1. Since PHE39 meets every condition but one in (1) under 23 Å from LEU211 (Cα atoms); (2) in a helix (DSSP H, G or I), which condition does it not meet?
2. If I filter the stretch 119-161 down to residues being exposed (fewer than 14 other Cβ atoms within 10 Å of the Cβ) and among the small types (Gly, Ala, Ser), which single residue comes out as nearest to GLU97 (Cα to Cα)?
3. With respect to LEU167, determine if the residue is more than 16 Å from ILE185 (Cβ to Cβ), assigned by TED's automatic domain parsing to the domain that holds TRP109 and among the hydrophobic types (A, V, I, L, M, F, W, C).
Amino acid sequence: MSDNCIPATKASPSSSPSSSADIPNSSPLALAILLLGGFITVFDLFVVNVAIPSMQADLGADFAQIGFVIAGYELAFGVLLIAGGRLGEPLLVALPENHSLAERASVTWADLAAEAFLVRRGGTGPQVHDHIVLRLASRWPGPSILRFDVERSSLLSMVGQGFGVTLVGAATSLSPTCGVVFLPITDEPEPVAFSAVWSPYNRDAVLRNLLALAREMSRSAQPI
């Protein structure tokens, strides 16, 4: 392990949780960034709608055609938003450094099926819990998932002490915790499925361009 790792604070699954254990540190800057992302999405669609009169004049289109242009734009926006999500933060599994899998370069969900997963009750814990259940739904017996009222650093400390494993985003590994190793899961995530329905008689140029883009994306998509 690195000499620069963060020392693990002593934690126990049987310890009584602090009333403030799951209260995250507030950050006005982080909140502003999150709100700005939502604002830009809405503002972008607002700009397109404001431009409708100009598009009608330049293209000589009626309201029905312009409406389809707007719908096609929003649909393309949604498709690219889903595809862009696959470029997000990879999911890692946190293991005790003395774990039998710790020396591997990566693991699979099959390797983790028999592990005891530790998740938080608050924060992203419910999403992590549901994700584990989804990935291991076909296994019998079902996954062992233990939930605790602790903050993330305490959960990693519990992993380092050998109480189980947990799932974290790749950014967590940038501040390594003593006694914990982070490994990528090779079969995570799966490609995002997408489907669409359209009329075979529709020959609109916007639709043709959108379908061409979707076909190109489907041919070039590779598992991450």
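The values are calculated or read from the model by the stated rules, or taken from the named source; none is laboratory data. These numbers come from a predicted model, not from an experiment. Please note: Cβ atoms are built from the backbone with ideal geometry, for glycine as well, and neighbour counts cover all protein chains shown.
1. Status for PHE39: all satisfied but (1).
2. GLY142
3. On the way: more than 16 Å from ILE185 (Cβ to Cβ): no; assigned by TED's automatic domain parsing to the domain that holds TRP109: yes; among the hydrophobic types (A, V, I, L, M, F, W, C): yes.
For LEU167, the condition - more than 16 Å from ILE185 (Cβ to Cβ), assigned by TED's automatic domain parsing to the domain that holds TRP109 and among the hydrophobic types (A, V, I, L, M, F, W, C) - is not met.
For (1) assigned to a helix (DSSP H, G or I); (2) closer than 30 Å to ASP149 by Cβ; (3) at pLDDT 75 or above, each residue gets a yes or a no:
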position	(1), (2), (3)
ASP3	no, no, no
SER16	no, yes, no
SER20	no, yes, no
LEU29	yes, yes, no
ALA57	yes, no, yes
ALA76	yes, no, no
LEU81	yes, no, no
GLY84	yes, no, no
LEU87	no, no, no
